[in-house]
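> First the structure, then my questions, so here it is.
Just so it is clear, none of the values below were taken in a lab; they were calculated from the coordinates. The structure displayed is predicted, hence computed values, not measured ones. All Cβ positions, even for glycine, are placed from backbone atoms using ideal geometry, and neighbour counts span all protein chains on display.
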Amino acid sequence: MIYIFLFILIVFALFLILATQNKKKEPNSKSNYYDNEDLFFADRKLTRHQDTVYQKGFTPNKIIENDNALNQIVPDYKEREQIVIKELENNLGKALPNDVKWSILQTLSSEYFLKDHKIIVNVSYQRGLLLQKEKKYKEAISHYSYGLYYLMNFYQADFNPTAHFIDQVETANGLIEMAQQKFINKIELCINYQQFNINDMKENILLYVNISTLPQLTAQDFFRQVESYIKKHYEKEQDTLQHLDNEQDFNYLSIVNIIPKLKREKKYPEAIELLKKAIASIQNEKQNTDGIGTTSWYFDEPDEQKYSNYNTPPWYFYQLAVIYRKEKQYEDEVQVIKDYLNITKDEKYRDNKITDRLEKVESLIKK
């Protein structure tokens, strides 16, 4: 009887030991490369959470990080950086920053493909940025396009690129739309820089998509969606330009995508006129709302969160000040900065990017 009891006791002890070991071996349900409350780690789990509304006080995490922010999602980024620097210095005698970054991106791409979706879409985005800064626009389009294609495969939602404010996003779809907007905006910028035609860019858009096709979306379906969006966006932009002369139809929010294009084309007089109308509209709105302001603020990438607490949208004042500086209209720049200071009485709501320009421009006038 004692032997039977001891046998049962030993079997029970072994069962407990095995159960504990199996529990330790279970993979963590969330990758180390994601914040604890990030919804994005696999397309199966993503679908389950798509309509989840965030709890009060929860700050959603962007899918696409800002420029030079890979170290925020790659835990050993600094170690990788040091290794690459030493290798480049040994092989080439020096390690240029862009060469270091490109080498790291190459390694991350091969290591995390289909394993960590957030890292892969950010790698494509950062590759595009590097090429765009070198004015290699066709190559940049290829990498931006593949990042968008990968995103649409594993972060499934309707294709609806939208520049939401991160602190106002309430659903997973909102974050996906923000990421879609990041990519499509860069693709459009590169197309506009060289005045490419969308159909002429088909080969570049599909370059890496055709090389590495993913199961959820065909290359042709992907191109149709991108082509349709860009053409509709262009038609909407042209329609907006036609209605801007009508004072009753003018809405200062409608020019936020037009001003960068006019600046690229060096059409500064047209940009100045639109920005002056926008600022006049903002000033009128402020007067009618007793200075409280009900403005939907527009932000300039990559600082999505920066302007979300302002009761005066600084973007229009800043853009006008920049153009005046380019045109050496220093007195006009001083005036637009003073207009901004007058309309934003409370210093805690003022944007330093604008106020810091005043001392510099006044020194230029004295020269």
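> So for 350, 80, fewest C-beta neighbours within 10 Å to most, what's the order?
The fewest-first ordering by Cβ neighbours comes to 350, 80.
> Can you give the Rg to Rh ratio for the range 43-237, taking only C-alpha atoms and Rh from Kirkwood?
Radius of gyration over Kirkwood radius for the range 43-237 works out to 0.98.
> Using Cα pairs closer than 8 Å and at least 6 residues apart in sequence, work out the relative contact order for the range 106-151, in percent.
Relative contact order here is 35 percent.
> Are there any GluC sites (Glu not before Pro) in the range 110-218 that are in a DSSP loop and have at most 14 other Cβ atoms within 10 Å? List them by number.
Hits after loop and neighbour filter: 134, 170.
> Related question: Using a 10 Å cut-off on Cβ atoms, rank the peptides 315-324, 89-98, 155-164 from the highest mean neighbour count down.
315-324, 155-164, 89-98
> For the pairs 277/353; 62/138; 138/266; 62/266, note any where the Cα-Cα span goes beyond 24 Å.
Going by Cα-Cα distance, 62/138; 62/266 fall outside the 24 Å limit.
> A 28 angstrom limit on the alpha carbon distance is what I want to check against. Which of 182/338; 182/267; 267/348 exceed it?
Cα-Cα > 28 Å for 182/338; 267/348; rest within.
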